Every structure is written in structure tokens, then in C-alpha cells.
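Below is one structure, written out as C-alpha cells; comments come after it.
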Amino acid sequence: MSWIMAAGLIVNAAMGAGLLNIAKAYDEAGGIVISSILHAIVVLLVIGAYAILFVCCDKSTSSYEMFVLNKCGKFWQRICSVCIILYMYGLSITFFIIIGDQLDRFLTFAVGVNYCSHWYLDRRLMIIVTSIILVFPLCFSKTIKFLQIPSMLGVLAIIYVVVMVPVKYFSQRPTDVIIKKYPDSWTDIFLVLPTMCFSYQAHVNAVPVFVSLRTRADCIKATLASTIILICSYCLVAVCGYLTFGIKVEHDILMSYDPRSPPVLIAVIMVAIKTYTAYPVNLFCGRTALDSFSTTDPGQSIKRRVLIVCLWFFTTLAGAVFLPNISLAIHYLGALAASFIFIFPGLCLYFHIEQQWIYSWQNLFAIIVAIFYVAIGVFITILTLVQSLMTDISAKGSTSKQIC
């Protein structure tokens, strides 16, 4: 595929719930200045992780877990596959919940709050029907290349949201907004890390994308283009969204706006479109991770693919129907995302240098970088899990707005 399409796949895989949550993350971490500094540090480390993929990846690598297998061995590949399955499965559930949230707001505008009294407009039924019609047929792709056109559609849809937030801010110029200048506690500065890791995690999706490109130069172009798009998008939404609502910003920034506003309604529809097109990409990565555990004959691959897709799709759909709450999901997913961005690339770089060890300053520097990435990944993963558990235990109830 072309590097432009590849960049679209990476952006579509990374940008989703994190875009809606990042303004709230800036608030929790203590304001724009501190959050922006951490944001810049995370971006540099994310680009470094992509550079490790360039160095270690080759054309025989078909997926992220195969990449880990080739460099680190079977043991680490199994752990990586389990992490990918858990991450993609949780992400798939959150996608369906986001779809339900957008449908709620659209129906509130189109029908009124009383739409809840009509059984055929029930949130759960609408999630099931629309997902089966719009998402399920796209989930059987043998390769990720088939998904490049739907992914580009998703990118174009989310760009509208990125544009709407700053336009709303500059057109209204709110003056009675309370903005944090510093965090309530010094430990709060780490609250932005899960959202940052979650927002930039496309490394699992990037490996099969890189394999589909012609040259290493195309990989670099796709990485730089997608990273620039992500940085601009997240900074615009985070800064302008936080300046618009301040400490009152919701976990989903669209919930802070008046749903009766036509621009907001269009944004709701765009987020739904983006989520519909992103789900098949994540299912593809989860499916390849499950395939790595299989010893089935290759001739039965079609049957296995259909079985995995059906089980994955309908169980995640059931999870979204009966567990409609993602207020803390991003923090748990952020912990797993940190392992894909830091831990596994660091391990792969370490074993890659060890396999062809020749004493030199370049190899010593590469080993130091590898150890640093593993250490920072372990730190962020453990810290994120501890913070999430503490927040979950101390939570008095859901902070999200309920329409019905």
C-alpha cells in the first residue's frame, strides 16, 4: 500500500477514545503547562519505539507478536500475545460503548429525551443492530490492507472533531472558566501518562502496516506523517477543550457541549463513524494474536478465522451492552499500551543487538536504550495499574452523564 494509506491506518488505530479523554487528563494532571511537558516527553519516546521497530523488523514479520517471537523467543511471544488479546478485547468493548454514547446523543437531538420510552430505540438494541450492519462485515479481512479505505474514512471523520473543538473555543472565548495552574498533588502529574500511552499506541497495528509497505523510506514517511497528525490533533483538543471548560470538562469532551448544537451533533456522528471503522483494525490484531496459539492446519484457516471473528465480535458486543462504563477503562488499557510502546520494543532491541554482538559504542548505546525503554515501561505499567486500582476503590460512583 502507499505510505499515505499506511499513515491513515496508524492514525485510525491510535486516535479514538484517547482524543475524547485527553482534555480531562490535562485537568487531572494539573493544567496545560505540566501536561504539555509530559506530552512532549511521551511523543519523543513513542517515536523512539517506532525507530526500534525499523531497526529490528523485516519482511518476514507478519504481526507484532511474530516480531517479538523472532527477536525474543517463544516465552516473550506468548506473554506479548496475551497482552495484545487483553488490550484489543478491552478496546473493542470500549468502541461499542462509545458507539452507544454517540447514538444516545444523536437520538436525544433527533427524537428528544423521551426516545428512551421506545423499545426499538433502546441503547442496547441500537448498538447491536448498527454494529452488526456496519462493523461485522468488515471483520473477516485476511490482511490489513483491505481496511485501508475504511480507515481513511475514519481519519477524515475524526478530523472534524479536531477542528470543531478549537473553533468552538475561539468563537465563544469563555471568561468564567477555572483553570488549574498546578496539580493538587505532585503524584497527579502521572495521571496523564495512561491517556498519553493509550492515545499513541499504534505499534501493534504498525508492524503489519510496515510489512505492507515497499521500502523503509515509506515506513519513515508513514510514521512521521501519522505522528504529526496525532500531535496536532491531541494538542488542539486538549488545550482548547480545557480552556473552554476548565475543571468542569467531562471525561468525554463531547458530553461537555450542548447536544442541540448542530456542529456538536455532526461531531457525534463523526465519532461514531470513526469508531465503526476502527473496530475491524483492532479485531484483526487480536485475531492474529489468537492465531499465534493455534496449531490448526493452514487449510482450515478460513474456518478458524470465521470462528474467532464471531466469538470476538459477539462477546465484546455483549460486554458493551451489559457493562456500559468506560470511565476507568482507559487507565487499565493505558497500562497495557505502555508495554507495547516501551517494554517489548526494548526487549526486542536488546535481543537484536545480543544476537549480532560486536563490541562498539553504537551497540553499547543501543543496549542502554533498550534497558531504559524496558525500565520506563515497567514503571509506567505498574504506576498506572496502582493508580487505576486506587481510583477504582475510592470512586463513589460514575461521573459520566446518563441520558436515560
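Worth a mention:
- Conditions (1) closer than 30 Å to Thr130 by Cβ; (2) surrounded by 20 or more Cβ atoms within 10 Å (Cβ to Cβ): number failed by Ala222: (1)
- Hits in the stretch 152-170 (condition: modelled with pLDDT of 80 or more and either open to solvent by 50 Å² or more (accessible area, probe 1.4 Å) or of a type outside the set (A, V, I, L, M, F, W, C) (or both)): Ile159, Tyr160, Val163, Pro166, Val167, Lys168, Tyr169, Phe170
- Here Leu254 passes the criteria (1) in contact with a Phe, Trp or Tyr (Cβ under 8 Å, 6 or more places away or on another chain); (2) open to solvent by less than 10 Å² (accessible area, probe 1.4 Å) except the one numbered (1).
- Only one entry in Tyr87, Tyr64, Tyr26 is aromatic (Phe, Trp, Tyr) and touching a Lys or Arg at 6+ places or on another chain (Cβ under 9 Å), namely Tyr26.
- Subset of the stretch 226-248 that is in contact with a Phe, Trp or Tyr (Cβ under 7 Å, 6 or more places away or on another chain) and surrounded by fewer than 24 Cβ atoms within 10 Å (Cβ to Cβ) - its residue that is nearest to Pro166 (Cα to Cα): Cys240
- Test: residue in the stretch 270-280 that is hydrophobic (A, V, I, L, M, F, W, C), within 30 Å of Tyr26 (Cα to Cα) and assigned to a loop (DSSP other than H, G, I, E, B): no
- 3 or more residues open to solvent by less than 20 Å² (accessible area, probe 1.4 Å): qualifying helices (runs of 4 or more DSSP H) within the stretch 35-149: 64-72, 74-110
- Any hit, the stretch 171-186, residues being under 17 Å from the mean Cα position of the chain (by Cα), surrounded by 15 or more Cβ atoms within 10 Å (Cβ to Cβ) and not in a helix (DSSP H, G or I): no
The values are calculated or read from the model by the stated rules, or taken from the named source; none is laboratory data. This structure is a prediction, so every number in the text was calculated from the model and none was measured. Cβ: placed from backbone, ideal geometry, glycine included. Neighbour counts: every protein chain shown. These area figures cover heavy atoms from the full protein model, side chains too; ligands, DNA and RNA do not enter into them. Shrake-Rupley method; radii C 1.70, N 1.55, O 1.52, S 1.80 Å.
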